[in-house]
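The values are calculated or read from the model by the stated rules, or taken from the named source; none is laboratory data. What you see is a predicted model, and the numbers here were worked out from it, not measured in a lab. Methodologically, a virtual Cβ is constructed for each residue, glycine included, from the backbone with ideal geometry; neighbour enumeration extends over all protein chains shown. Accessible surface areas use protein heavy atoms only, side chains included; no ligands, DNA or RNA. Shrake-Rupley method; radii C 1.70, N 1.55, O 1.52, S 1.80 Å.
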Amino acid sequence: MADRNLRCLLVSDFNVANFAGYLENDAAEPVLDPVHGEFGQVVPVLTHFDAPPWSDAPDFAVVWTRPEKVIPSFALLLEHRPVAHELLDAEVDAFTHAVLGAARRLKAVFVPTWTLDPANRGLGMADLRADGGIGRALLAMNLRLTANLDAAPNAFALDAQRWLVHAGRNAGAAKLWYQAKVPFGNEVFQAAVADVKAAVRGLLGQARKFIVLDLDDTLWGGVVGDVGWENLQLGGHDPAGEAFQDFQRVLKALTRRGVVLGIASKNEEATALAAIRSNPEMVLRESDFAGWRINWDDKAANIADLAASLNLGLQSVVFIDDNPVERARVRDALPEALVPEWPESPLLYVSALHSLRCFDAPAVSREDGARTKSYVTGREREASRKQAGSLDDWLLGLGIMVTVEPLSQANLRRATQLLNKTNQFNLATRRLTEPELDSWAAQAGRGMWTFRVSDKFGDAGLTGLASLEKRGTTAHVVDFLLSCRVLGRKVEETMVAWLVARAAELGAVEMRADFIATAKNKPVLDFWRRSGFECVSEKSFTRLVADGYPQPGCVVVVK
Amino acid sequence: MNPVDKARIAELVFAAVDEVNQQLPRAKRLEKSEATLLTGEGASLDSLGLVNLLFNTEQKIESALGVSVTLAEDGAAAPGDAFRTLASFTDFVHSVVVNKRNG
């Protein structure tokens, strides 16, 4: 989206101008231009696509409503009138039906959950009971809302209650409400903007995925080189020790949603690794780290080197260190890396980590959970490479298997995720939602395939995606992307061979790949330059389909 | 009780303007100058902008000075030009806070 900022449609039954202001003025990337729906016209705006806000072609929408306004029966409940829960359910369903209809025209729609004025205690002690409890009804309505939104892969409920908790006594704003129909204080809107921005970054593939950690007084208390691994402050019946251990647990949990861990520490490597291997209170072990640089060199250089060795860009990196001098150095040397300010007390480490809004992703896949393992097997693979006689011998011995499948409902979610997250080895860097990708691939003259990669060291999962579109006698490579974790194992050549064969089936005479440059995707250009295709311009590569393309002998292709 | 310093009130009003500017479209931001027009001919602040300025100023006053004021209600009895510029608004806020403190 180079020609204009992304646009966010705000649909609300209250005065949304303050929220719009915070959204427009928020400096964090990406910049979002708010587009207003007509005040109070929630369902009409969501269902009449010829109305003005839709002519601005919004990319996203936030549909933020008050439950007593958009669910009429809930207003009756607030007056302690009897309301059948079936009626509430039906009204929630009707509202979400309108939201889901609008979602089909957007990259994504965000729906803040319904909240009440925190001062409203409803029926007091009976408020969470089934008979007339307002809080109980609201919980059920929100649960139904979130379940209904699951029907669309690009519709997301956002937890507005957390924003109110964050704002504390400033959550409600009675003065603003009665003077301007603004129901929330500034802090609520600021927290909402932060969450919406984090979600948009996640959808655009801008989530960070690599946490590089210091060790001493970051992962454990104490300096291991001074006190020895047996005497580190970690676990046990000690507030700081427990806090360090909890911090490790949260980091470990992040690895299960696809975040990779690394170490940059000024220490003797053998001493530090002995602590990780031997201290019984450690939650994180060697196998939880994709890599490390433990030495006395400059940390910024170490982080850059470590990220490069894992084929991760610096825009993926979050660096956590208790030492403000090291933080300042890395922030200065590696401006693309995120270096959050870090609390002095380890008791606050977990909340500091939880407050980072840089890991949002629209979904967690099987591949995400196995990402760290794939880096660990990568280390083993690299060790075997050093032992092998030649590159060809090594590749042959890996037992590489590539399973190719056409795009289908079974792999659509992971394929979309890969499309939106892959930066470096990505020919066109298209960013599409699941419905958009599905719709694109379904058109005549187009084909899209997923590639699963495994070898004797492990299964990397669905890590490649490629598509063709036939225009005239030419089959154009539209998407050609591969996770950097499997680069250099002839998978990329296998994908080209597959595409050339499919181009032949489509009756194409020529196959053509046009490179669309971004700040990050030079690796894919380098590949096409050495691919054997004719370089017809600086960024375009062609080949006669009749010439075929050699399938690498070290790769077994399974259809 | 310490007398209320007008310079301190001006700082708090400017802090409220910072907050209001985060709520305004970029093109409508207020300049932090005593001469900035708030209402009347030549001013760019709309009714919501004025409500936000009052609300944010009240919050800053309460947070910094521990004095709870309701500027909109007090403003009804204020001189006609109280909301004309940031300077006159600061004078008005100062007088409200002084009156509140003096009971």
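Pairwise inverse Cα distances across the range B:6-101, averaged and inverted, put the Kirkwood hydrodynamic radius at 13.1 Å.
Taken as entire DSSP H runs, the helices of chain B that both span 24 Å or more between Cα atoms along their own long axis and average -1.0 or more on the Kyte-Doolittle scale are B:6-23, B:47-65.
Shielding value for A:169-178 is 2, the average number of Cβ atoms from other chains within 10 Å of each residue's Cβ. Under the combined filter of DSSP loop state and at most 12 neighbouring Cβ atoms within 10 Å, the range A:321-425 retains none of its trypsin sites (Lys or Arg not before Pro). In loop segments of the range A:465-543 as defined by DSSP, the GluC sites (Glu not before Pro) with at most 14 further C-beta atoms inside 10 Å of their C-beta are A:538.
Mean partner shielding of peptide A:17-24, defined as the number of other chain Cβ atoms within 10 Å of each residue Cβ, is 5.
Mean partner shielding of peptide B:55-67, defined as the number of other chain Cβ atoms within 10 Å of each residue Cβ, is 1.
Full extension of the segment from residue A:38 to residue A:308, taken as 0.36 nm per residue of separation minus the current Cα-Cα distance, would add 92.3 nm. How far is the Cα center of the range B:28-95 from the Cα center of the range A:73-105, in Å? Going from one Cα centre to the other spans 40 Å. Each residue of the range A:54-66 was assigned a 3J(HN,Hα) from its phi angle through the Karplus curve 6.51 cos²θ - 1.76 cosθ + 1.60 (θ = phi - 60°); the sequence is 6, 5, 7, 6, x, 8, 10, 9, 10, 10, 10, 10, 9 Hz, with glycine and proline shown as x. Using θ = phi - 60° in the Karplus curve 6.51 cos²θ - 1.76 cosθ + 1.60, the 3J(HN,Hα) couplings for the range A:81-86 round to 8, x, 9, 6, 5, 4 Hz; x is entered for Gly and Pro. Taking amide H as placed 1.01 Å from N in the peptide plane, residue A:263 has its amide H under 5 Å from the amide H of A:213, A:291, A:292, A:293, each at least 5 places away in sequence or on another chain. For the pair the range A:163-188 / the range A:390-418, the C-alpha centres are spaced 51 Å from each other.
Ligands, DNA and RNA left out, the accessible area of chain A computed with a 1.4 Å probe is 52% carbon and sulfur.
Coupling constants for the range A:480-492 follow from the phi torsions by the Karplus curve (6.51 cos²θ - 1.76 cosθ + 1.60, θ = phi - 60°), and in residue order they are 8, 9, 8, 4, 5, 5, 10, 5, x, 10, 6, 6, 5 Hz; glycine and proline get x.
If R0 is 45 Å, what FRET efficiency do you get for residue A:556 and residue A:351 from their C-beta distance, rounded to 0.05? The formula returns an efficiency of 0.40 here. Label-to-label distance for residue A:51 and residue A:5 is 2.3 nm, based on points extended 7 Å past Cα in the beta-carbon direction. Among the residues of the range B:10-27, which ones have their accessible area go down by 30 Å² or more when all the protein chains sit together, as opposed to their chain alone (1.4 Å probe)? The answer is B:19, B:22, B:23, B:26 - residues whose exposure falls by at least 30 Å² when every protein chain is included.
Under a 5 Å amide H cut-off, with hydrogens placed 1.01 Å from N, residue A:210 pairs with A:260, A:318 among residues at least 5 apart or on other chains.
Using a 1.4 Å probe over protein heavy atoms, the accessible area lost on pairing A with B, summed over both chains, comes to approximately 1500 Å². Taking label positions 7 Å along the Cα-Cβ direction at both residue A:484 and residue A:384, the computed distance is 2.3 nm, reported to one decimal.
In this structure, the pairs whose alpha-carbon distance is over 31 Å, taken from A:197/A:559; A:421/B:32; A:299/A:522; A:373/A:470, are A:197/A:559; A:421/B:32; A:373/A:470.
In this structure, the amide hydrogen of residue A:400, modeled 1.01 Å from its nitrogen in the peptide plane, lies closer than 5 angstrom to those of A:556, counting only residues at least 5 positions away or on a different chain. Derived from the Cα gyration tensor, the three semi-axes of the equivalent ellipsoid of the range A:100-253 are 39, 23, 17 Å, largest first. Sorting A:338-350, A:443-455 by average packing, meaning the other beta carbons within 10 Å per residue, from highest down gives A:443-455, A:338-350. Here the accessible area is traced with a 1.4 Å probe on the protein chains. For chain B, carbon and sulfur cover 48 percent of it. For residue B:54, neighbours were defined as the other residues whose beta-carbon sits under 14 Å from its Cβ, and their charges (Lys and Arg +1, Asp and Glu -1) total -4. Per residue, the solvent-accessible area of the range A:270-421 (1.4 Å probe, heavy atoms of protein chains only, all protein chains present) comes to 46 Å².
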